[in-house]
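Okay, so here's the structure we're looking at.
Just so it is clear, none of the values below were taken in a lab; they were calculated from the coordinates. In this text the structure is predicted, and so the values were computed from the model without any measurement. For neighbour counting, all protein chains shown are included, and Cβ atoms are generated from backbone atoms with ideal geometry for every residue, glycine included.
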Amino acid sequence: MSLFAALRLPREILFGKGQRHALPTVASRFGRRALVCTDERFAGTAVFAEVVKSLQDASIEVLVHDRVLPDVPRETVSICVDEATGFRPEMVIGIGGGSCLDFAKCTTLLLSHGGKLQDYYGEFKVPGPTLPLIAVPTTAGTGSEVTPVAVISDPDRTLKVGISSPYLIAAVALCDPDLTMTCPPGLTAIAGADALTHAIEAFTAMRRGEDPDLPQKHVFIGKTALTDHFALLAIKLLGRGLQKACTDGTDADARADVMMGALAAGCAFGTAGTAAAHAVQYPAGALTHTAHGLGVATMMPYVMTYNRRVAAAEMAEIGRALGLSANGRSEDEQAGAAIEEIRRLFAAIGITSTLADLGLPADKLDWTAEQALGIDRLIKNNPRPFDFAAMRRLVQAAHDGDLAACAN
């Protein structure tokens, strides 16, 4: 196969300690009226007050919407849009965790093109450019600051739903690891494990070839040379920094590693996509009402074991990125060591080890498998194919904690 790559990213990515202070200068390039979307918790912090004042001092008029809720309930976006329409914002600034950034994406979409969010579910439904979006993450996990997708909760649907379009990518991703310093250990762990899962699934995703129509017809196109580069960078940074950041939240170097890792993982999966761990999490998360990052990380060692027979080379490379030595071991043995290291790391930061521990009832395993198998954009990205029997075995194994059963 000849060298092939595709990548969709923001126009500008700014990363580093203190970069939040560049926000007024960056925002000034887009206009003089900014809608700022955040949640109630962050809106009450001194840092947020400082951010708003810095914008106002730069002669930028600010309208704050500080009622973003977890998982972005569909109707909450419409409320914000109604409030902001008369303000006529020239840009939207999303500041907060992944839900705040996804909320900001959806808000820019409706302010720009009207209609309802339901009109845009799926891929490539956004008809054109939106208002400029500046994404300022305060957690390190979803990578939403650089991805083309927004995930919301629709009351008419059991599972969360996504809107995927290159037009949703932020104009600027402004990432300051100082903003994560007060993130509690539990949230640091779940968000960081989410990022590591993004990177692993992007790196082990199906390689689909070099059809010129592929990136034109699909937002997520499988692994390529450039997504691999970002995925391995993410794995390296998260492997060395995540446990440290969870143990000592004041470790600035670890915080920077984790935030850069989440950013790099977003750069990878925003084009490559994710796979089976995410497919199972959607129904499992809907039933257990648990955090997305917790669910995908719980699934990751089981999915890696299932994929090992077809992706041993990639998993061996993951192991090396995690700092494991080959030590004369075969490729398959190196793959096994990588899976064990992921299990060890996740256990060390408090990730649940089974779907049963996550709260998934045993009588819902058939439904979970059926729903997961039906998420085609994720299942077709998995390097090893699934039928219902295989998915049902995977879900059972993850429920029971039987890693060996996934290899069948």
Worksheet item: How far apart, in nm, are two points set 7 Å out from the Cα along the Cα-to-Cβ line at ARG67 and at GLN118?
Response: 2.2 nm
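What is the stretch 146-284's relative contact order, in percent, from Cα pairs under 8 angstrom and six or more apart in sequence?
On the way: 223 pairs, mean separation 44.8, N = 139.
Relative contact order here is 32 percent.
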Discussion item. If each residue of separation counts as 0.36 nm, what is the full-extension length gain between ALA326 and LYS125 once their alpha-carbon separation is subtracted?
Written reply: 67.8 nm
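Given 4 °C and 1.567 mPa s, how large is the Stokes-Einstein diffusion coefficient of the stretch 1-88 in µm²/s, with Rh as the Kirkwood radius over Cα pairs?
84 µm²/s
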Worksheet item: Based on Cβ point charges of +1 for Lys and Arg and -1 for Asp and Glu, what charge dipole magnitude is obtained for the stretch 323-388 about its Cα centre, in debye rounded to the nearest 20?
Response: 220 debye
Discussion item. Quick check: the angle from helix 388-400's long axis to the longest principal axis of the chain, C-alpha only, nearest 10 degrees?
Written reply: 90 degrees
Worksheet item: If you line up the long axis of helix 98-113 against the longest principal axis of the chain, both from Cα atoms, how many degrees apart are they, to the nearest 10?
Response: 60 degrees
Worksheet item: Which whole-number percentage describes the relative contact order of the stretch 96-207, with Cα contacts under 8 Å and a sequence gap of 6 or more?
Response: 29 percent
Item to complete: Might you report the magnitude of the Cβ-based charge dipole of the chain about its Cα centre, with Lys and Arg at +1 and Asp and Glu at -1, to the nearest 20 debye?
Response: 520 debye
Worksheet item: What shape does the stretch 328-408 take by its C-alpha gyration tensor, where a ≥ b ≥ c are the square roots of the eigenvalues and a/c under 1.5 counts as rounded, a/b above b/c as prolate, and the rest as oblate?
Response: oblate
Worksheet item: Reachable lysines from LYS17, Cα under 21 Å, same-chain residues fewer than 8 places away excluded?
Response: LYS53, LYS236, LYS244
Worksheet item: Once Lys and Arg get +1 and Asp and Glu get -1 on their Cβ, which of ALA313, ALA268, THR298 lies farthest toward the positive end of the dipole of the stretch 235-383?
Response: ALA268
Item to complete: Find the eigenvalues of the gyration tensor of the Cα atoms of the stretch 203-324, then list the square roots of 5 times those eigenvalues as equivalent ellipsoid semi-axes, largest first, in whole angstrom.
Response: 24, 19, 15
Practice prompt. Among SER164, SER144, SER112, determine the one that fluctuates most according to a GNM of the chain built with springs between C-alpha atoms less than 10 Å apart.
Written response: SER112
Worksheet item: Placing +1 at every Lys and Arg Cβ and -1 at every Asp and Glu Cβ, with all other atoms neutral, what dipole size does the stretch 62-219 have around its Cα centre, in debye to the nearest 20?
Response: 200 debye
Item to complete: Determine the percent antiparallel among the DSSP beta bridges restricted to the chain, to the nearest 5.
Response: 20 percent
Worksheet, complete the sentence: Within the set PRO148, PRO361, PRO301, GNM on the chain using Cα springs under 10 Å gives the largest fluctuation to PRO361
Worksheet entry | Partner lysines for LYS160 [C-alpha distance under 29 Å; skip if fewer than 8 residues away on the same chain] | LYS105, LYS116, LYS125, LYS217, LYS223, LYS364, LYS380
Worksheet item: Among ASP176, ASP156, ASP376, which one moves the most in a GNM of the chain with springs linking Cα atoms closer than 10 Å?
Response: ASP156
Worksheet entry | Helix 225-247 axis, angle to the chain major axis (alpha carbon atoms, nearest 10°) | 90 degrees
Item to complete: Provide the three semi-axes, in whole Å and in decreasing order, of the ellipsoid equivalent to the chain as defined by the square roots of 5 times the Cα gyration tensor eigenvalues.
Response: 34, 23, 20
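Decide, for the stretch 79-147, between rounded, prolate and oblate: order the square roots of the alpha carbon gyration tensor eigenvalues as a ≥ b ≥ c, take rounded if a/c falls under 1.5, and otherwise choose prolate if a/b is larger than b/c, else oblate.
Details: a/c = 1.89, a/b = 1.26, b/c = 1.50.
Taking the square roots of the gyration eigenvalues as a ≥ b ≥ c, the stretch 79-147 is oblate.
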Worksheet item: Taking 0.36 nm per intervening residue step and subtracting the Cα-Cα distance, what contour gain separates ALA22 from ALA46 on full extension?
Response: 6.9 nm
Fill in: Modelled label reach - ARG32, point 7 Å along Cα→Cβ, the stretch 53-73 residues with backbone N closer than 11 Å
59-61
Worksheet item: Taking +1 at the Cβ of each Lys and Arg and -1 at the Cβ of each Asp and Glu, which of PRO177, THR130, ALA49 sits farthest along the dipole of the stretch 35-188 towards its positive end, judged by Cα position relative to the Cα centre?
Response: THR130
Item to complete: Would you mind checking the radius of gyration and Dmax of the stretch 369-408 based on alpha-carbon positions, in Å?
Response: 10.0, 27
Worksheet item: Relative contact order (percent) for the stretch 1-156, with alpha-carbon contacts under 8 angstrom and 6 or more residues of separation?
Response: 26 percent
